[in-house]
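Peer 1: The following block contains the structure, expressed as C-alpha cells.
The values are calculated or read from the model by the stated rules, or taken from the named source; none is laboratory data. The shown structure was predicted, so the numbers you read here are calculated from the model rather than taken from an experiment. Cβ coordinates were reconstructed from backbone atoms using ideal geometry, including for glycine residues, and neighbour counts include every protein chain displayed. Calculation scope for accessible area: heavy atoms of the full protein, side chains included, ligands and nucleic acids excluded. Shrake-Rupley method; radii C 1.70, N 1.55, O 1.52, S 1.80 Å.
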Amino acid sequence: ISQNVLMKNLRAQGVSYKFESYNHETRTHWKFTTDSSIRGEHPFEMVSPILQGNEGLQSLKKATKALRLSKANVNTSCGVHIHLDVNDYSLENMKTLVKNFYLLEKQFDKMMPQSRRDNCYCKGLSSIANQEDFFDKVNHCGSIREIVSLFHTRYLKLNLQSYLKYGTVEFRQHSGSTKFSKIKNWILICARLVEFSKQNILLTYLES
C-alpha cells in the first residue's frame, strides 16, 4: 500500500489521522504505526481513537473505506483488536465475563479462520486450565486485580491486562479485515457479551 495514496483517501473521507512510531498511547485521531508482528510489504497497524455509539461506527466506516480505496490488504499476521470499557464493572461482573467467554470460546472459534483459533498472539482461555480448575481459580479471586493476575500474558483471545492501564477488556481473536460490516458485527457481539455479563448471568448450556 502506498502511504501517499492512503493519506489522500483518508483526507477524502474526512478521517483525522497521524503516522507515528510504535506506541500504546490513546489518541484523539486515527493512528498508523509499525508493528513487528505484521508481515508484508510496507506493513502497518491502524489504531482508532476511542469510538462511541453510532458516531464511532461511522468513523470506523470511513477509515475502512479509505483502506479499501487504497487497495490495502490483510494476511494471517493481521488481527482486529477490540477494547471495550469496563470501568463500571464490579468484581462479580468480571468473574461472569471471563467465565462466559470461556464457555463461548468454541463457538467463537467456529466464526474464525483456522489462523485465529490457536494463535500465539491470541491463545484460548482453555489453554490456562480446564473449566473446573479455571472457574475455581476465578471464584476464589477477591478483587478484579486478582482476576487479572490469573492471566500472565496479554496474548489471549480475551486480554484483561488492558484493564490495569485503560480500564478495558480486549478481544483479540478476530482476523484482520478492511470490511466495515465484518468488524462492526464483531464489535456488537463483544459489546453484547460485556453488557450481558453485567447482569451476572452465567451461560449454562452451549451446543459443542
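Peer 1: Going by a ≥ b ≥ c, the root eigenvalues of the Cα gyration tensor, does region 90-208 fall in the rounded group (a/c under 1.5), the prolate group (a/b larger than b/c) or the oblate group?
Peer 2: Working: a/c = 1.44, a/b = 1.41, b/c = 1.02.
Here region 90-208 falls in the rounded category.
Peer 1: Under 17 Å between alpha carbons, and skipping anything fewer than 8 positions from K157 in its own chain: which aspartates and glutamates qualify?
Peer 2: D85, E105, D109, D118, E170
Peer 1: Give me the mean projected area, in nm² to one decimal, of the convex hull enclosing the Cα positions of region 143-208.
Peer 2: About 6.1 nm², averaged over all directions.
Peer 1: Kindly provide the pair-distance distribution of region 114-184 built from C-alpha pairs, with 10 Å bins from 0 and whole-percent values in order of increasing distance.
Peer 2: 19, 43, 29, 9, 0
Peer 1: At 1.4 Å probe radius, can you tell me the per residue accessible area of region 9-65 in Å²? Before the final figure, lay out each step's value.
Peer 2: Numbers: 3660 Å² over 57 residues.
The answer is 64 Å² per residue.
Peer 1: Tell me the per residue accessible area of region 71-183 using a 1.4 Å probe; a whole number in Å² is fine.
Peer 2: Result: 49 Å² of accessible area for each residue.
Peer 1: Sorted by packing (mean other beta-carbon atoms within 10 Å per residue), highest first, where do 55-63, 133-141 land? Kindly include the intermediate steps, with their values, before the conclusion.
Peer 2: Working: 55-63: 15.8, 133-141: 14.0.
Descending mean neighbour count gives 55-63, 133-141.
Peer 1: Heavy atoms only, probe 1.4 Å: what % of the accessible area of the chain goes to carbon and sulfur, would you let me know?
Peer 2: Reported share for carbon and sulfur atoms: 49 percent.
Peer 1: A further question follows. Under a cut-off of 18 Å between alpha-carbon atoms, report the lysines in cross-link reach of K62, not counting same-chain residues fewer than 8 places apart.
Peer 2: Reachable lysines: K8, K18, K31, K71, K179, K182, K184.
Peer 1: I've got another one for you. Quick one: if you stick a label point 7 Å off each Cα along the C-beta vector at R145 and S16, how many nm between them?
Peer 2: Spacing of the two 7 Å Cα→Cβ label points: 3.4 nm.
Peer 1: Could I ask something else about it? Which shape class, rounded, prolate or oblate, goes with region 49-151 when its Cα gyration tensor gives a ≥ b ≥ c as root eigenvalues, a/c under 1.5 marks rounded, and past that a/b bigger than b/c marks prolate?
Peer 2: oblate
Peer 1: If you don't mind, another one. Please compute, for the alpha-carbon atoms of the chain, the extent along each of the three principal axes and give them in descending order in Å.
Peer 2: 53, 33, 29
Peer 1: Can you give the accessible area of K179 in Å² (nearest 10), computed on protein heavy atoms with a 1.4 Å probe?
Peer 2: 120
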